[in-house]
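Below you'll find the structure, written out as C-alpha cells, and then a few comments.
We did not get these values from a lab; they are worked out from the coordinates using the rules stated. Treat the numbers as computed from the prediction; the structure is a model and nothing was measured. Glycine also receives a Cβ, built like all others from the backbone with ideal geometry; neighbour counts cover every protein chain displayed.
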Amino acid sequence: MLDITLHITDRDGMTHEVQAPTDMVMNVMEVVKGFELAPEGTIGICGGMAMCASCQCYIESDHILPQQSDDELAMLSEAFFVKSNSRLGCQIQITEELDGLRLTLAPEE
Amino acid sequence: MIQSDILIIGAGPTGLFTVFEAGLLKLRCHLIDALVQPGGQCAEIYPKKPIYDIPGFPEILAGDLVNNLMEQCKQFEPGFTLGERAETIEKQQDGSFVVTTDKGTKHQAKVVAIAGGLGSFEPRKPLIDNIEFYENKGVAFAIKDPEMYRNKSVVLAGGGDSALDWAVYLSNVASKVTLIHRRNEFRGALDSVEKVQNLKQQGLIDLITPAEVTGLEGSSHLEAITIQKEDETPIRLQTDALIPLFGLTPKLGPIANWGLDIEKNAIKVDNTLDYQTNIPGVFAIGDVNTYPGKLKLILCGFHEATLMCQSAYKIIHPNRKSIFKYTTVSGVDGFDGTRKEAPKSIIKSID
C-alpha cells in the first residue's frame, strides 16, 4: 500500500497536507470528504457522477491529470466560478503519479 | 386538508418504500415532493445510471428501481402532493402535525417521516449582479407557463436538455429566441441538438456560443442583458425575458427551520431504536438523517423506513399491539381490495 501526499486548500483558505491511499479506488472529492475539509452536504452532492459541481477545485501544481471526460467538460461548462485550471475532484483518481498535488476547493455555489 | 396516518416528506426510494412497510401495518401514507415526479434523485439526476448495491438486484437502473417501488406500493394507494415544497410544520393540540407547502396545501398526520434526501431540488441560479431583483420581473429559473412568452423576445442560457428543449418549443411561441451557452457543445439528446441546429439554420433561433450573460439592466423590469464572448467586447441585447436553465441543486431548505437537531446538513436521529428526531412523532429516514456510522445508501434507507413504521404504529394506535408478520406467510392485503399471497400447495394423492 502506498500513500501519496496532497496539499488541499479549503474554502476558508487554510491549506491541509493529507495522506491519501492509492489502493482504495478513491478520488479527490472522496479524500476531501474523508478528511472533512468541507462540510458534509457541501461537497460530492451527486455522489461523484460529474453531475454537480460541488467538488470543483483549482489545480495549482503541474501534475499530469487524467483527461477530462465529456461529462466533466459539460458540467464545468455550466458551473460557476470556473477558471482555466478547474477540475471536478470526483473525476481525479488518486494514483501514485499525483503525489504532491496542490489544489484549492472552489467556493460553494 | 389532506389526511393520512403518516405524512412522508420526499418521494424518493426511501419514502416510497415507507408506503409499502406502513401499508403492511394498515397505515395510510401521503407524500409531498418538490419535484413533479416521484423518485427523488433516482428520477431527477440519474434515471439511466445503474445501481449495483440493491440487495437482490445485481444491476438495476435508478429509473427502473423507482418504477418497481411504485409498483410495489401501489396497492396501498399513496397520495401525492408533487411540485410543492413542505414549508412549515405545526403541532396540533391533539398531537398531530399540520404541514403546509409553499403553495398552501395543508396536510395532517399523527406521524411525519422526513425522507428528504439531500433536500428539495431548486434551480441553480447564475452569479449575475442584481439577478434577484429581476426575478419574476423578466428573469425566471423555470418555465411554468410558456404562453407567458408569446410574442416576446426570450433569451435562454444553458447547455443541457431543458435549455435545448425549451429553445425548440419557444421558437414557435416567442417572437425571438436566443440561446446562450458557454461552450459550442451541448449536452442533450441527439434529437434535441439536431432540432436546435435546424432552427438555427432557418433563422428561428439565435445561437450565441461560447458566451455568458454577465449583466442585466432595466428600471423596473428586465429590458436588456450584456453578453460576453471570450476575448470580445461585450454585446448588449434587448430582451423581454432571460431564462437561465442550469439544472437543479438540492437544498435542505425550510426543514432546517423546523426546530430539528441538525448536524452536518442532516437531521440527527435516534439510531438505537426508530430514527425519531428530537421532536416526538417526527422521524427522519434515508439520506436526510445522520447518526454515528451513518451511510447514505438506498438500502440503509429501506431498513430505516421499516423500523420507523413500527414506532409510527405505536404512536397512531397506542392501545393496540402491532404484530410482526412475514409477507410470504400472511400475503399482502391492499387498500384497493387486492390480495397477493403465496400459491397454496396442492394436496393430491398419487395412485
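Between residue B:189 and residue B:1, the contour length at 0.36 nm per residue exceeds the alpha carbon distance by 63.6 nm. Shown is the FRET efficiency for residue A:69 and residue B:197, computed with R0 = 30 Å from the Cβ-Cβ distance and rounded to the nearest 0.05: 0.80. Taking the C-alpha atoms only, the angle from helix B:298-316 to the longest principal axis of chain B is near 60 degrees. By the Kirkwood approach, averaging reciprocal distances over each pair of separate Cα atoms, the protein assembly as shown gets a hydrodynamic radius of 24.6 Å. Looking at region B:1-133 alone, DSSP beta bridges between its own residues are antiparallel in about 45 percent of cases.
Legend: ranking of residues A:60, B:132 from fewest to most surrounding C-beta atoms inside 10 Å; resulting order B:132, A:60. The calculated FRET efficiency for the pair residue B:145 and residue B:348, based on their C-beta separation and a Förster distance of 51 Å, comes to about 0.20.
Projected label points at residue B:106 and residue A:42, each 7 Å from Cα along the beta carbon direction, are separated by 3.8 nanometres.
FRET efficiency for the pair residue A:35 and residue B:98, taken as 1/(1 + (r/R0)^6) with r the Cβ-Cβ distance and R0 = 51 Å, rounds to 0.75.
Taking the helices alone, chain B has a mean residue ellipticity at 222 nm of -6500 deg cm²/dmol, built from -39,500 (n - 2.57) per DSSP H run of at least 4 residues and averaged over all its residues.
Using DSSP, restrict attention to beta bridges with both residues in chain B and report what percent are antiparallel, rounded to the nearest 5. Just about 50 percent of them are antiparallel. Taken residue by residue and averaged, Cβ atoms of other chains lying within 10 Å of the Cβ of A:70-78 number 5.
Cβ-to-Cβ counts within 10 Å put B:175, B:4, B:220 in ascending order as B:220, B:175, B:4, the fewest first. Extension gain for residue B:291 to residue B:314 (0.36 nm times residue separation, less C-alpha to C-alpha distance): 6.0 nm. Modelled spin labels at residue B:306 and residue A:12, positioned 7 Å past Cα toward Cβ, are 4.1 nm from each other.
Available extension along the chain between residue B:228 and residue B:169 is 18.7 nm, counting 0.36 nm per residue and deducting the alpha carbon span. If you average the alpha carbon positions of region B:1-71 and of region A:1-24, how far apart do those two centres end up, in angstrom? Between the Cα centres of region B:1-71 and region A:1-24 lies a distance of 37 Å. Amide H contacts for residue B:285 (H built 1.01 Å from N in the peptide plane; partners 5 or more residues away or on another chain; cut-off under 5 Å): B:114, B:115, B:116.
Label sites at residue A:26 and residue B:336, each approximated as a point 7 angstrom past Cα along Cα to Cβ, lie 4.8 nm apart.
Coordinate range of the alpha-carbon atoms in region A:3-105 per principal axis, descending: 33, 27, 23 Å. Across chain B, the convex hull enclosing all Cα atoms gives 210 Å³ per residue.
With Cα atoms defining each centre, region A:50-109 and region B:210-245 are spaced 28 Å apart in the structure. Computed over region B:227-351, relative contact order equals 12 percent, with contacts defined as Cα pairs under 8 Å that lie 6+ residues apart. As a proxy for reagent exposure, A:31, B:36, B:173, B:288 were ordered by neighbouring Cβ count within 10 angstrom, fewest first; the result is B:36, B:173, A:31, B:288.
Taking every DSSP bridge with both residues inside region B:131-246, close to 40 percent are antiparallel.
Projecting the alpha carbon convex hull of region B:131-246 along each direction and taking the average yields 6.8 nm². Helix B:62-73 axis versus longest C-alpha principal axis of chain B: approximately 40°, rounded to the nearest ten.
Normalising the Debye intensity of region A:49-97 to I(0), with uniform scatterers on Cα atoms only, and taking log10 at q = 0.13, 0.22, 0.31 Å⁻¹ returns -0.26, -0.76, -1.41.
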